[in-house]
1. Under unit Cβ charges (Lys, Arg +1; Asp, Glu -1), what dipole magnitude, rounded to 20 debye, does the stretch 292-448 have relative to its Cα centre?
2. What number in nm² do you get for the stretch 292-448 if you take the convex hull of its Cα atoms and divide its surface by four?
3. Does anyone have the angle between helix 524-533 and the longest principal axis of the chain? Alpha-carbon axes, 0 to 90°, nearest 10?
4. What stretch of the chain, leaving out the sites themselves, is the longest with no chymotrypsin sites (Phe, Trp or Tyr not before Pro) in a DSSP loop having at most 14 other Cβ atoms within 10 Å?
5. Quick one: compute the contact order of the stretch 54-156, relative version, from alpha carbon pairs under 8 angstrom and 6+ residues apart, as a percent.
6. Specify which residue in the list 501, 228, 27 is farthest towards the positive end of the charge dipole of the chain, using unit charges on the beta carbon of Lys, Arg (+1) and Asp, Glu (-1), about the Cα centre.
7. Residue separation times 0.36 nm, minus the C-alpha to C-alpha distance between residue 122 and residue 2: what's the value?
8. Residue by residue through the stretch 506-523, what is 3J(HN,Hα) from phi via Karplus (6.51 cos²θ - 1.76 cosθ + 1.60, θ = phi - 60°)? Round to whole Hz and write x for glycine and proline.
Amino acid sequence: MLERLAKERRARLAAERLLEQKKRELQAANQQLALHARALSEQIVEQRQGLARALSEAASLKGQNSQVLSDLEHATSLARIAQTRLWDALETVRDGFAVFDGDLRLVAANRAWLTFFEGEIALSQGVTYDAVLRIAAQHGLIDLDGRDPLDWHHEMTARIRRAQIEPCVVRLPSGRHLNLIDRWGSEGDLVCLTQDITASIRREAELQEARDRAEAANRAKSAFLANMSHEIRTPMNGVVGMADLLCETEMTEDQRLFAETIRSSGEALLTIINDVLDYSRIEAERMQLYPEPFDLERCLHEVMLLLQPAAREKGLKLLVDFDLFLPTRFIADPGRMRQVLTNLIGNAVKFTASGHVLARVVGIELADGTYELHVTVEDTGIGIAPEHVEHIFGQFNQVDSASNRKFEGTGLGLAITRQLIGMMGGSLWVDSVPGEGSCFGFRVPLTPAEPRDEIDRPSTPIRLKCAMVVDDLLINRVILERQLETYGLEVTLCRSAAEALDVIEGGATFDLVLTDHEMPGMTGLDLAQQLREGGIGVPILLLTSDPEAAQGAAGAAQGGGDLSGIMQKPILRSDLFRTLQALSCLPSEPGPEALPPDRTPEQRRQMRVLAAEDNRTNQLVFRKMVKDFDIALEFAWNGREAVEMWRSWCPDLIFMDISMPEMDGREAARAIRGAEAGSKLHVPIVALTAHAMTGDAESILAAGMDHYLTKPLKKSAIAEYIAEHCPPEARPPLPDERDD
Ligand code: ADP
């Protein structure tokens, strides 16, 4: 029983346990089921939402689609309108227009382009560019000017093969001109434009004709001016020459004033004529440069010396600073270079009341051996207001202000100067401060001339070791110091005579003293006298802008013996060099013997001078100019007579007028040179010309003449040639030479 009971209990317990387990399993299954059910319902909700979204998106897409469709329609209609407008425009322009595709087949062309072929052939879409060219050539649509149509066709097809097609002009048999402009488009199309340029070509031809006519008129004007200048110069020669001679005679003060006014007015008139003539030559492009070797430094000094009297009158100092490391000889047109320098320095003197005018030349040597020179002319004058600076370079332009009105001038100088410098390959500029001064400068490329200056090849050594320079002006002291230092001298600078005396009293010794003359406090002459009195025996050079006055003062003060020399400022480097050489070999060696050993001057004959001149007044002027000279003078009335007299009288020198009746100067010179040919004879001939046109010098020299002088003649120039060509067997012709 117990056992059964136990069994039953165990069975019951097992059943209970099973029941418990099944309950748990059921619970778990229930939970699982609940989870599934929830997930399912969530999925259903999500899908419903997705469906709703999809439905609303579909609705909006439908709206968009219809918008796109309407936009497309609109765009298509705009494109159609644009195309129509474009074609309307292309049909309206008178130029021909065509487009070819990448295979060079015609896509489209406007009527203007197509009408070109009208009457010959009807072009249609698809026709090739090549065929178009062939049709144009073969149907005589182009005036080929005798060329082979095939050649032209080849040339034109080769032309469009280039990436960048050059425009070309073709002429039609009707005389019309078409400009063909072709360009490759970005899509490989060839766009062709044909412009009718007949009107502009005709206009160009008319302009050319007008220009030719104007140039001819200009040439005529220039020739007229040249002739006028000749006509004016000839009588002016009489006026200026006679006034010159008159000034040398005894006169009352009034008469002298009148005569000098005639002379200076005549000279002023000649300057104006020359300016006008030069300008007209430049305008007519007939101005030419004649480059030749010349000494630029000497040229600059000569200009300075010429302007010295005007500067001295106002107490202006003229200074030159020529870069010591530059050669002095260059190749350029010396006459024109002198003209440029004269204009700039002349203006500087004219427009400066006090102070100084400094001309400075510096330069650099370029790789090819030429020099780039910078020449500046600086003054301490009235200056130029900035608004007038460009104006003054124009022709006939002057600064119109109260301060300027009192100055004379044509207003052509700077215009001519700028053009001349331009012709030399340079440029001109100005810097100026009103009331303080101006600095005109120009730059020119110049080739140095061989041989270089003799300074580079010293013959006599300079033995002087130390020099004292006395000058109140700093620029002068600096320039002299640099010049002397290049010759190996040690230089002591003093600002005044008093300072110089102090230095010497302090025990300093020198081999040479260079002193300015006009200095505040004590003059150079007084300084020289005091040094001599103090027992200083070294050479003393007096530097002055007015050597004659200094000479006079030296004579009057009995101080001439104190000086070893007087030099005119500005001093030429080569002159200073020669003076230093001369002072190095003191006591001086006897000068070169002037006379041939066999005869005294009295035993020698007169020099024979022939002047060929057809104008009686000019003959008279010439005779008066040489009246003091010891020469035999004869006149010939024309070229033929000159040649005859050359044969019969054997002159030592001939002055030959260029324009003479019967036989002119050039012909006569050619005849003489022809007769001399083959012999050792060569009579020097100096041409006299009033005709200062470009090319004259060339034709004069080509005719065999050696020199030429422009009228009005200057006594000094005539004297120079007479002295230069006096043969050794003749007496010295000039009065001062005879006095020696
Ligand atoms: P001109 O001297 O005959 O009047 P230019 O052509 O040489 O003619 O000069 C034109 C003008 O330029 C002068 O009239 C003057 O007004 C001005 N000018 C030229 N050089 C100077 C200078 N150094 N200082 C001041 N003004 C000057």
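1. Details: 13 positive and 19 negative charges, 99 e Å.
In total the dipole reaches around 480 debye.
2. Average of the hull's projected areas for the stretch 292-448 equals 8.8 nm².
3. 60
4. Counting at most 14 other Cβ atoms within 10 Å as exposed, the longest clean stretch of the chain is 408-740.
5. Answer for the stretch 54-156 is 15 percent.
6. 27
7. On the way: separation 120, 0.36 × 120 = 43.20 nm, distance 13.38 nm.
Taking residue 122 through residue 2 to full extension adds about 29.8 nm, to one decimal.
8. So the J values, rounded to whole Hz, are x, x, 6, 10, 9, 8, 7, 10, 10, 10, 5, 8, 7, 10, x, x, 9, 6.
We did not get these values from a lab; they are worked out from the coordinates using the rules stated. Fair warning: this is a prediction, and the values are worked out from it, not measured in the lab. Neighbour counts are summed over all protein chains in view; Cβ atoms, including those assigned to glycine, are modelled from backbone coordinates with ideal geometry.
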